[in-house]
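Notes to accompany the following structure.
The values are calculated or read from the model by the stated rules, or taken from the named source; none is laboratory data. In this text, all values refer to a predicted model and were calculated from it rather than measured experimentally. Don't worry about glycine lacking a Cβ; one is built from the backbone with ideal geometry, like all the others, and counts go over all protein chains shown.
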Amino acid sequence: MSKIVIIEDEKSIRDELCLLLVNAGYEAVVTEDFSDTVSWVLAQSPDLILLDVGLPGQDGYALCSAIRRASEVPILFVTSRDTSMDELKALSLGGDDFIVKPYNIPVLLARIQAILRRGGTAAGESLTVNGLSLYLSRSSIQHGDAAMDVTKNESRILWCLMQRPGEIVSRADMIEFLWDNQVYIDDNTLSVNMTRLRTKLRELGLENYIRTKRGMGYKI
């Protein structure tokens with residue numbers, strides 16, 4: 001049974017999410033104390049976090065950044081913030097997905113299921129292509145003696161491309177691989193994750209490891 005942590009300060013929404021998750025077969029864990037949320041979350045060892053933005057003390061963006069420094073647990077923002085800039089900020093800080101309140105219950109459950117399913121794909125496997133090694137089990141990449149952690153989405157982008165070296169992988173194919181085809185994902189989500197990944201590859205000395213073929217997709 002997957003364990004999902006709910007970080008939401010509005011009791012009615014927190015209770016609703018908790019009941020929804022329990023009825024869907026998940027273990028739901030909530031907190032009413034936001035004084036040391038990061039430590040509490042890490043102690044729970046969840047499979048997924050549902051995170052609001054408007055919270056007492058640290059807001060959801062700051063919490064996401066703090067959690068990301070210690071863990072790669074998937075984070076799904078569930079918030080009333082509804083602008084493209086809010087979504088971009090959430091994803092840039094390490095969020096895996098973003099859904100706006102009032103949410104559609106089947107869509108929310110589908111996104112939760114998709115994130116949890118992605119987390120179990122090819123666990124423990126590794127690939128080495130063009131001098132770069134990807135280790136899915138520990139979400140890390142290595143080039144020569146230099147190594148770096150990557151997020152689950154970043155590792156899956158690499159996995160998708162490294163399985164087809166020399167081939168152009170379309171954005172549509174990558175989105176389907178990363179987020180399934182059941183749920184609509186803003187095309188910008190892939191761009192944000194790709195930008196973060198390329199920054200990490202540059203830091204390892206791989207400036208043009210992933211190349212963009214304009215209007216077609218990506219290749220390595």
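Listing for the model above:
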quantity: Some residue of the stretch 113-135 being among the polar types (S, T, N, Q), surrounded by 14 or more Cβ atoms within 10 Å (Cβ to Cβ), at pLDDT 85 or above and farther than 29 Å from L19 by Cβ; calculated: yes
quantity: Unique match (being closer than 14 Å to L109 by Cα, in contact with a helix residue (DSSP H, G or I) (Cβ under 7 Å, 6 or more places away or on another chain), modelled with pLDDT of 95 or more and not in a loop (DSSP other than H, G, I, E, B)) among L17, L50; calculated: L50
quantity: Residue pairs meeting the criteria (Cβ under 8 Å; at least 6 apart or on separate chains; first closer than 16 Å to I49 by Cβ, in the stretch 95-110; second among the acidic types (D, E) and surrounded by fewer than 21 Cβ atoms within 10 Å (Cβ to Cβ)); calculated: F98/D86
quantity: Among the candidates S92, S2, residue that is in contact with a Pro (Cβ under 9 Å, 6 or more places away or on another chain) and modelled with pLDDT under 90; calculated: S2
quantity: Complete set of residues in the stretch 136-159 that are in a helix (DSSP H, G or I) and either of a type in the set (K, R) or over 17 Å from D96 (Cα atoms) (or both); calculated: S137, R138, K152, R156
quantity: Residue match in the stretch 22-31 (condition: free of Cβ contacts under 8 Å to residues at least 40 places away in the same chain, of a type in the set (F, W, Y), over 26 Å from D149 (Cα atoms) and surrounded by fewer than 22 Cβ atoms within 10 Å (Cβ to Cβ)); calculated: no
quantity: Matching option when the condition is touching a strand residue (DSSP E or B) at 6+ places or on another chain (Cβ under 9 Å), in a loop (DSSP other than H, G, I, E, B) and not aromatic (F, W, Y), among V73, V41, V22; calculated: V73
quantity: Single match in S155, S139, S126, S133 (criterion: small (G, A, S), touching a His at 6+ places or on another chain (Cβ under 8 Å) and closer than 28 Å to A70 by Cβ); calculated: S133
quantity: Qualifying residue in the stretch 91-98 (condition: crowded, with 18+ Cβ neighbours inside 10 Å, farther than 20 Å from L190 by Cα and under 19 Å from the mean Cα position of the chain (by Cα)); calculated: no
quantity: Within the stretch 1-14, considering residues that are closer than 21 Å to S80 by Cα and part of a loop (DSSP other than H, G, I, E, B), the one farthest from the chain's Cα centre (by Cα); calculated: E10
quantity: Residue within the stretch 201-211 that is of a type in the set (D, E, K, R), at pLDDT below 90 and in a helix (DSSP H, G or I) present; calculated: no
quantity: Sole exception among (1) at pLDDT 85 or above; (2) not assigned by TED's automatic domain parsing to the domain that holds D86 for L108, by number; calculated: (2)
quantity: Any hit, the stretch 172-191, residues being in contact with a Ser or Thr (Cβ under 7 Å, 6 or more places away or on another chain) and modelled with pLDDT under 90; calculated: no
quantity: Condition met for G60 (out of contact with any Lys or Arg (no Cβ under 6 Å at 6 or more places or on another chain) and closer than 25 Å to V38 by Cα); calculated: yes
